[in-house]
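Below is one structure, written out as structure tokens, with a few remarks after it.
The values are calculated or read from the model by the stated rules, or taken from the named source; none is laboratory data. Bear in mind the structure is a predicted one, so any value in this text is a computation, not a measurement. Positions of Cβ are generated from backbone atoms using ideal geometry, with glycine treated the same way; all protein chains shown enter the neighbour counts.
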Amino acid sequence: MLSFIISAYTLWSLYEDGKLSKIAILFLLLFLSLEFLKTEYLKSIYHTAAAVFAELIIIFFAIFLCGWEFSFLIPTAVCTFLHHRNKLSIYSIASILFISLFLIPSKMVREYVFVCVFVFSLKLVTQMLKTTKHEYLEKIDHLRLLNLQLSKLKTQLLESQQTIERLAAQNKQMKIATSLHDTVGHNLAALNIQLNAIKSLLEKKGVLEDAQISQIISSCLQQTQTSYESLRKFVYSMKNSFETKEKYLSQLIENFNFCNITLNRSGDIENIPSHVFENLMAILKEALLNVAKHSNATQVAVSLESKPAYVRLAVHDNGKKKGEIKEGVGLMSIKLRAKSMGATVNIDNHAGFSIVVFVPLKSRREDYFEKT
């Protein structure tokens, strides 16, 4: 832009002095071509110096053939070196301008000095604007980097919060399981021992010869033993559930022997709320049971997708049996469990049989920010 302004001023000066000619226009075009090449394509200081030297030769011939008005282009040519910021360039520029000042006619000195001041002032202002813009962009990039780091720290904080919540819930469940085992379990075991002692005493006294009394005692012993075993299995399953939901899911899949089954997992399964996971596993068991009972499938695909906003369970088999879907106890159980979670169930039998359960979740991040 600076080159065009000074070239236009030179052209106007030539026209005003009656020296405008085709060869003068040709020199101006050659000069502008070199300026364009120098600013857009030449990055090396040595190539730029060569281009400036060529410009000065063009200016010299233009002055010789057309007039001293072309001396106005000298500041434009040499000011290119200002942004290199080395003393040699500054001294070279000062020398060229100083020598030129003594060579040009005295009537043009004033205009020449004015052009020099204008060119270098505009060049310095442009350079300052570029520097300011560069610093501004660097600060913007720095702020973006800080924002990214803050986002990562926030994510890590939320993940830590989720881990703490999960561990707290597991610790609470462990305490409940231990309390059940230490109180109810021990009481059932003691009751079973006492019933066995009563049975032995009654046998010695011949009371158990009465069939009704014997049946009642045996029934009480069986119920206490069954209750104790059920409680023990429940506590054991709760303790195992603390290990990993992933392990429970894998074992459930491995225990299905009807046909080949593939499992596709997505997201962090351990973050699925416990009540949702338990219901989904019950639905999965029921779906696999339906495959074994009512399908001639050779392949079953199970997909479990866990996201902060939802959980999606899909079970699809390649069975060929078709017809209307009859809602039995199994499908009714699946729908009731889904309803208890606020989930939706889609059942389709057009290309095999498929069940898709979609459970919307309230984001734990939202809960965290609501609390804070």
Quick one: which residue in A314, A287, A297, A338 is assigned to a loop (DSSP other than H, G, I, E, B), crowded, with 16+ Cβ neighbours inside 10 Å and touching a residue at least 24 places away in the same chain (Cβ under 8 Å)? A297
Please work out which residue is modelled with the lowest pLDDT, limiting yourself to region 66-95 and to residues that are over 58 Å from the mean Cα position of the chain (by Cα) and assigned to a helix (DSSP H, G or I). S95
Any chance L195 is over 30 Å from V78 (Cα atoms) and modelled with pLDDT under 80: yes
